[in-house]
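The values are calculated or read from the model by the stated rules, or taken from the named source; none is laboratory data. As the structure is a computational prediction, the values presented were derived from the model and not from experiment. Counting neighbours? That spans all protein chains shown, and the Cβs are built from the backbone with ideal geometry, glycine included. Surface accessibility is based on the protein's heavy atoms, side chains included, excluding ligands, DNA and RNA. Shrake-Rupley method; radii C 1.70, N 1.55, O 1.52, S 1.80 Å.
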Amino acid sequence: MQDQMKMSGFDWLLLAALSLLWGGSFFFVQLAVGHLPAFTIVFLRVSLAATALGLVLWTTGTPFPKGWPVWQALLVMGVLNNALPFSFFVLAQGETGSALAAILNATTPLFTLLVAHFGTTDERLNRAKVIGLGLGFGGVVVMMGGAALAGNAATVWAQVACLAAALCYAIAGVWGRRFKRLGVPPLATAFGMLASSTLMLLPLVLVVDRPWTAPVPGWVPLAAIGGLALLSTALAYLIYFRLLASAGAVNLALVTFLIPVSAIGLAVLVLGETLALRHVAGMTLIGLGLTVIDGRLRQRFRRKSNTKRPIA
């Protein structure tokens with residue numbers, strides 16, 4: 001495993017906080033869905049988060065993104081990492097709920113393996129990754145199969161939307177490699193893609209949603225929008241890049257395992273959602289697949305086996 005760095009106690013605390021913030025995004029969306037139009041929810045999320053990160057850049061003296069080539073790349077990143085996946089999840093959660101959406105979001109690393117295999121030269125599939133992919137996508141089939149057999153087309157399409165969002169994240173992860181080469185600081189990249197997605201979503205909000213024609217929402221959905229933008233987006237990015245620097249990308253990948261746990265906890269304890277047996281089975285298979293792909297348990301088992309081997 002590359003980029004393996006030791007995590008301090010504070011790093012573990014930040015990792016738990018990040019998983020709660022990103023898992024909480026599904027919770028906040030669920031509180032807002034039905035009270036505000038879909039694209040309006042996404043627009044408010046990215047615009048408020050972009051404003052918050054812009055203030056952070058300005059107060060810390062971090063350079064803002066500059067140059068048309070950089071902004072071209074940021075526009076693509078804004079579509080892939082914000083506008084499309086955020087919209088897919090908001091549209092889907094009216095049917096799936098937050099817990100199932102979070103489970104399907106955990107397929108992002110599976111799609112990333114496929115995208116990286118075909119789109120890069122240094123991240124190819126190996127036997128362990130293929131086994132992990134098989135387990136993970138087997139879990140997706142288990143979860144979606146029940147709805148398909150029951151003839152619930154709306155639920156199937158909502159789950160497909162969640163998977164499409166995960167695929168967008170995967171493509172964005174590979175696309176985002178270029179910003180290091182372009183010399184854009186990570187926090188400036190986050191600001192740039194949020195600002196780009198804000199500009200792209202504005203026409204949809206004005207033409208499709210027309211939020212001024214909708215009833216004024218209560219304080220709960222408005223507070224949810226604030227939490228979604230400022231906590232689950234702006235603050236989450238700040239913690240993410242802090243952890244990336246101190247703990248490394250390999251350790252940071254552990255958040256993939258923790259997000260569904262926090263999201264399901266909030267969904268069950270606060271929103272009163274329930275999971276069917278097929279959802280639990282599917283989540284278990286996805287988790288097993290991610291564990292095989294991650295490889296840490298396998299390496300630890302090998303190290304223990306080597307230490308127990310008798311010396312000739």
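Structure notes:
- The range 50-80-the range 224-276 distance, computed between alpha-carbon centres (Å): 22
- Cα point-scatterer Debye curve for the chain, base-10 log of I(q)/I(0) at q = 0.09, 0.14, 0.16 Å⁻¹: -0.47, -1.14, -1.49
- Rounded to the nearest whole Hz, the Karplus-based 3J(HN,Hα) values (6.51 cos²θ - 1.76 cosθ + 1.60, θ = phi - 60°) of the range 159-164 follow the sequence 5, 4, 4, 5, 5, 4, with x at glycine and proline.
- Cβ charges +1 (Lys, Arg) and -1 (Asp, Glu), total dipole of the chain, debye: 1340
- Apportionment of accessible area to carbon and sulfur, the chain, percent (1.4 Å): 70
- Distance between the modelled labels on Trp58 and Leu288, one decimal in nanometres: 5.3 nm (7 Å Cα→Cβ projection).
- Average Cα contact separation per residue, the chain, under 8 Å, 6 or more apart, as relative contact order %: 41
- Fully extending the segment from Arg296 to Lys180 would add 39.1 nm, taking 0.36 nm per residue of separation and subtracting the current Cα-Cα distance.
- For the range 114-143, the residues whose backbone nitrogen is under 11 Å from a point 7 Å from the Cα of Ala249, taken along Cα to Cβ, are 122-123.
- Once the mean of 1/r is taken over each pair of separate Cα atoms and inverted, the range 20-146 shows a Kirkwood hydrodynamic radius of 17.3 Å.
- Note on Val268 and Ala223: the model spin-label points, each 7 Å out from Cα along the C-beta direction, lie 2.5 nm apart.
- Where the range 61-218 is the region considered: accessible area per residue in Å², 1.4 Å probe: 46
- Here the 3J(HN,Hα) profile of the range 46-52, calculated from phi with Karplus coefficients 6.51, -1.76 and 1.60 at θ = phi - 60°, is 6, 5, 5, 5, 4, 4, 5 Hz, Gly and Pro shown as x.
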